[in-house]
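Just below is one structure, and these are the notes that go with it.
The values are calculated or read from the model by the stated rules, or taken from the named source; none is laboratory data. Worth saying up front: this structure is predicted, and the values here are computed from it rather than measured. Using ideal geometry, Cβ is built from the backbone for each residue, glycine included, and neighbour counts are taken over all protein chains shown. Surface areas here come from the heavy atoms of the whole protein model, side chains and all, with no ligands, DNA or RNA. Shrake-Rupley method; radii C 1.70, N 1.55, O 1.52, S 1.80 Å.
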Amino acid sequence: MQFADFWYIVTLSEQLKSNTVLARSLLGEWLAIFRGEDGQPVALRDRCLHRSSRLSAGNVCQGALQCPYHGWVYDRNGKVIAVPAEGVDFQPSQQRQAKAYATKEQDGYVYVRLAENPSVDFAPFSMPHYGEAGWETVRVINRFANNVTNCAENFIDIPHTAFVHPGVFRTSRQQKLEMTVERENGAVLVEYRNENSNLGWYTRFLNREGAEIKHSDRFYMPNITSVEYQMGRDRHLFITSQSIPETENSTLVYTDVTYNYGIWNKLARPFVWWTAQHIIRQDVEILAIQGEVIAKYGTQFAHTPADTIHVFVESIRAAIARGEDPRLLPKQSVKVTFWV
Ligand code: FES
Ligand SMILES: [Fe+2]
């Protein structure tokens, strides 16, 4: 198994209009993304076969992509279908074939997979409750100057919230929390107990009645985190992030906040958007600092029991990096007490 076996978001469906081309980086590969004549997304290596211009700087006309330098035209399979300098003498040839990657569209996202013959034929992750009646989704996109592992860890890390998001999300009160952390089948599942009023104004709205808070966090290989809060009826929230590896230290994160607040659904939208963006910006800042130090001194971490989640996430991603299948790692379940 390798990271290239999985599907990664390259754009929102709505951003990929016909007759536009987008430049993207994915696992170090450069991509030109556009829609073919049939409207299906196309991903080609962002390099012209002729003299190595960037195809993403070109133009799309009727589902074909024209290089900006000497006008070679590529179809949705990457085949060169016109060479202006050859005029009417142009002959299509097998050799003139740009690298094309598999694409899929699901839940309002366009996905690309780099592996031609993946070890396992995974499907793109299904975003929880997306498009379902009674649920609203707010989407935000943020770039982090850090790698996927550290981004994913941050999104399901409670101890940082009191320091990085003081007041908004959580206030430090030296309260005892309990969690059960399980690693199974390439996923990490965390269930929290004892979580109550130690939450800032963000969750005060969510939990006016002081109902029991159900909170669980999940990590799914190789790059997905999902946080779930449920507080009584009509207060149900998922924060799901897909961390897309652009390069070794640049990660583009697509975050869906999908919620069911009953009658408040529509009214809550701007509030949910602002809060999500506010919180994530704080994480962008702290992860940039961490990224700088790791670039200088490398990754040597010290752990507390509260970091059990991260140790499991790292073990899964390290297995893929070694070419192994993390679903074969032994199942583990740990009960942890920590303080926030
Ligand atoms: S470099 Fe693309 S057509 Fe010449
Ligand atoms: Fe955070």
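What's the number of the only condition in (1) in contact with a Leu (Cβ under 9 Å, 6 or more places away or on another chain); (2) under 15 Å from Asp283 (Cα atoms); (3) assigned to a strand (DSSP E or B) that Asn146 fails to meet?
Asn146 satisfies all of (1) in contact with a Leu (Cβ under 9 Å, 6 or more places away or on another chain); (2) under 15 Å from Asp283 (Cα atoms); (3) assigned to a strand (DSSP E or B) except (3).
When you scan segment 54-65, how many residues do you find that are within 18 Å of Gln97 (Cβ to Cβ) and either in a strand (DSSP E or B) or within 16 Å of ligand 2 (Cβ to nearest atom) (or both)?
Final tally of qualifying residues: 2.
Among the residues in segment 130-143, are any within 12 Å of ligand 2 (Cβ to nearest atom), among the aromatic types (Phe, Trp, Tyr) and touching an Asp or Glu at 6+ places or on another chain (Cβ under 9 Å)? Steps first, please.
Initial filter on segment 130-143 (within 12 Å of ligand 2 (Cβ to nearest atom)): 142.
Add one more test, that the residue is among the aromatic types (Phe, Trp, Tyr), and what stays is none.
No, segment 130-143 contains no residue that is within 12 Å of ligand 2 (Cβ to nearest atom), among the aromatic types (Phe, Trp, Tyr) and touching an Asp or Glu at 6+ places or on another chain (Cβ under 9 Å).
Test Ala152 against the criterion of being open to solvent by less than 50 Å² (accessible area, probe 1.4 Å) and within 16 Å of ligand 2 (Cβ to nearest atom), and give yes or no. Talk me through it step by step, then tell me what you get.
Working: open to solvent by less than 50 Å² (accessible area, probe 1.4 Å): yes; within 16 Å of ligand 2 (Cβ to nearest atom): yes.
Spelling it out, Ala152 is indeed open to solvent by less than 50 Å² (accessible area, probe 1.4 Å) and within 16 Å of ligand 2 (Cβ to nearest atom).
For segment 285-307, does any single residue satisfy the condition of being within 30 Å of Glu136 (Cβ to Cβ), in the same structural domain as Tyr220 (by TED's automatic domain parsing) and open to solvent by 50 Å² or more (accessible area, probe 1.4 Å)?
Within segment 285-307, one or more residues are within 30 Å of Glu136 (Cβ to Cβ), in the same structural domain as Tyr220 (by TED's automatic domain parsing) and open to solvent by 50 Å² or more (accessible area, probe 1.4 Å).
Kindly list the number of the only condition in (1) under 21 Å from Gln95 (Cα atoms); (2) open to solvent by less than 20 Å² (accessible area, probe 1.4 Å); (3) not acidic (Asp, Glu) that fails for Trp30.
(2)
Within segment 315-340, can you find the residues that are open to solvent by 50 Å² or more (accessible area, probe 1.4 Å) and assigned to a helix (DSSP H, G or I)?
Of everything in segment 315-340, those that are open to solvent by 50 Å² or more (accessible area, probe 1.4 Å) and assigned to a helix (DSSP H, G or I) turn out to be Ala321, Arg327, Leu328.
Name every residue in segment 225-275 that is open to solvent by 30 Å² or more (accessible area, probe 1.4 Å) and part of a helix (DSSP H, G or I), in order of residue number.
Once the filter is applied, which keeps residues that are open to solvent by 30 Å² or more (accessible area, probe 1.4 Å) and part of a helix (DSSP H, G or I), segment 225-275 yields Ile263, Trp264, Lys266, Leu267, Arg269, Pro270, Phe271, Trp273, Trp274.
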